[in-house]
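Down below is the structure, laid out as structure tokens.
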Amino acid sequence: MVIAPAVVSPGLDLESSFTQLLQGFGLSPGAAHLLWLPLPMLLVLVAAVVGVLVNVWLERKISAAVQQRIGPEYAGALGILQPMADGLKLLFKEDIIPARADGLLFTLGPVLVLVPVILSWLVVPFGQHLLISNVGVGIFLWISLSSIQPIGLLMAGYASNNKYSLLGGLRAAAQSISYEIPLALAVLAIVMMSNSLSTVDIVNQQTGAGILSWNIWRQPVGFLIFWICALAECERLPFDLPEAEEELVAGYQTEYSGMKFALFYLGSYINLVLSALLVAVLYLGGWGFPLPVEWIVGLTGQSVDAPLVQVITATTGIVMTVLKAYLLVFFAILLRWTVPRVRIDQLLDLGWKFLLPIALVNLLVTAGLKLAFPAFFGG
Amino acid sequence: MFGFLKKVGDYTRDAVGAANYLTQGLSVTFDHLRRRPITVQYPYEKLIPSERYRGRIHYEFDKCIACEVCVRVCPINLPVVDWVMNKATKKKELRNYSIDFGVCIFCGNCVEYCPTNCLSMTEEYELAAFDRHSLNYDNIALGRLPTSVSSDPAVTPLRELAYLPKGEMDPHGVDPTRPRAGQLPAQVLETLPKAAAAAATTAPAAEETNG
């Protein structure tokens, strides 16, 4: 079931095509590479920000629909420019650092929250070669990067010199730490099945039989654990204790305004999109179409390596990944208006007493099944 | 051993129950997605105030006899009736009349008791002001009629739920000529037999004369 990288056609490799093109103009390989470098960075930033804008718009519109309201309507058609207006407003607002706050930590906090989240986009694949870097430890990189975030939150909470901020920061740290473990264990079960930490290999292992080979059928419990933990990591509504407005004003964000607040805002939404993308990659077959693309291509009598076919498969890959991710985002938004916020003790109970044992059992069962049925659970 | 198994069983049952409740809740929120918004987009759309709506009070200076009944029935003696006795004609001469709507609670007692019906309730409810003293209306301001919601060309009037035709939940796009659900008293009278109708119309009148 696992397709070795050598078998996969070189296909759409944008980097090599780009550098070859530049070398064709007479540039040295080094210079061509240097010119290539800013493009993926820019792409990640643009993709992340556009993802957030879409996410914010969806959040506002779906929230409105659930509550039988209209939602933003006048900024652009159907209020599509509303997130832009929100962002611009924050950009132009005064950037206040409270008098008794620790200026350096106060500034560093939001940066430390945002940077790892954007960095994690490196490992999100939209196709066989459509990712920034196919690091061997892909998914592990994401897990380790996501544990930098609570440091930033704690920093922001502590530096604000405000009791609500401090409590919010402490809660955020406690929450992130306790939900990271079941999250990592759920990922570990997947990794065990696909014999690789690389996100591309994880998706390739799910492409055999279309929708039937997706990991969600083999790891339903892992999927639920991962989704719950991802919501908790993103501080989405059943678990948004760090910024519980009824008790903590806005948690660690209380003293923030202007662009620094926007960084937190951006960070939390990028994190949501990222988590949804990773759920899609780990459990819903990543860029895979519900029917295997190879079958469809074979039916139409085309070669998989034909340029047009490759462009089409790459496009469907991107569309499928984004579609799956936004389906999950929609689910998260719906969940936001369905479930009430848990208490802090319930939150920690759920993390340590429920998800952790279940995740361990899941890992154990997966290991057993892998030994018993290597054909279905990755040999 | 069995104790442990029972614990695991209870745990599983709890988890399944929680999942069940969660799906029930999700189905409720999901169902709301397909319902139409009930929003009334306020400055452009306004609800028609219900009949007997107690809005800003209208006052007709020429009808007023300066009896001050309105002041007596007012819970806080709010209306200011400024009159002088004309010694020659031996009659009260009204100079000014004012009500401070920043203080008024719109109970309608003054309207109820005014012997000459010079006070009445309007449908006006947009009384927001930058300075509360500007809400102290004198007899000129009290005499102005508000723009009614249904005659204002800039506003789409919407009917409240009780005034909608039967089966309609959303006021948007409902034909204004369609009658509301139920019957008005006059329509009920038409359905009654002649004798009963006559009795029904005379009875309240008789009551009034007796009382």
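Every number in this text was worked out from the coordinates using simple rules, so none of it is lab data. Just so we're clear, the structure is a prediction, and the values are computed from it rather than from any experiment. Counting neighbours? That spans all protein chains shown, and the Cβs are built from the backbone with ideal geometry, glycine included.
Here are a few things to note about the model shown:
- Helical segments meeting 20 Å axial Cα length and Kyte-Doolittle 0.5 threshold in chain A (DSSP H): A:38-66, A:103-119, A:163-194, A:258-283, A:307-336, A:356-372
- Cα long-axis angle, helix B:194-210 against chain B (0 to 90 degrees, to the nearest 10): 60
- Counting Cβ atoms of other protein chains within 10 Å of each Cβ in B:34-42 and taking the mean gives 3.
- Here the stretch B:1-144 is assigned +1 on the Cβ of each Lys and Arg and -1 on the Cβ of each Asp and Glu. Its dipole about the Cα centre then comes out at about 300 debye.
- Residue of A:301, A:267, A:168 that the Gaussian network model of chain A assigns the largest fluctuation, springs spanning Cα pairs under 10 Å: A:301
- Inter-part distance where the stretch A:265-288 and the stretch B:89-167 are each reduced to a Cα centre, Å: 57
- Gyration tensor verdict on the stretch B:26-141 (Cα atoms; rounded if a/c is under 1.5, prolate if a/b is larger than b/c, oblate otherwise): prolate
- Across chain A, Cα pairs under 8 Å and at least six residues apart give a relative contact order of 22 percent.
- Among B:121, B:1, A:193, the order by Cβ neighbours within 10 angstrom, fewest to most, reads B:1, B:121, A:193.
- Pairwise centroid distance, computed over Cα atoms, of the stretch B:6-36 with the stretch A:137-159, Å: 32
- Distant alpha-carbon pairs in chain B (separation over 22 angstrom), percent: 71
- Inter-part distance where the stretch A:23-70 and the stretch B:64-84 are each reduced to a Cα centre, Å: 70
- Scanning chain A for chymotrypsin sites (Phe, Trp or Tyr not before Pro) that sit in a DSSP loop and have at most 14 other Cβ atoms within 10 Å, the longest stretch containing none of them is A:75-375.
- Shape of the stretch A:249-379, Cα gyration tensor, a/c cut at 1.5: oblate
- Sorting A:22, A:371, A:323 by the number of Cβ atoms found within 10 Å of their own Cβ, with the fewest placed first, yields A:371, A:323, A:22.
- Global geometry of the protein assembly as shown, whether rounded, prolate or oblate, following the gyration tensor of its Cα atoms and the 1.5 cut on a/c: prolate
- Rounded to whole Hz, the Karplus (6.51, -1.76, 1.60) HN-Hα couplings of the stretch B:124-130, x for glycine and proline: 6, 10, 8, 10, 5, 8, 7
- Residues considered: A:145, A:282, A:39. Largest GNM mean-square fluctuation over chain A, using C-alpha springs under 10 Å, is found at A:39.
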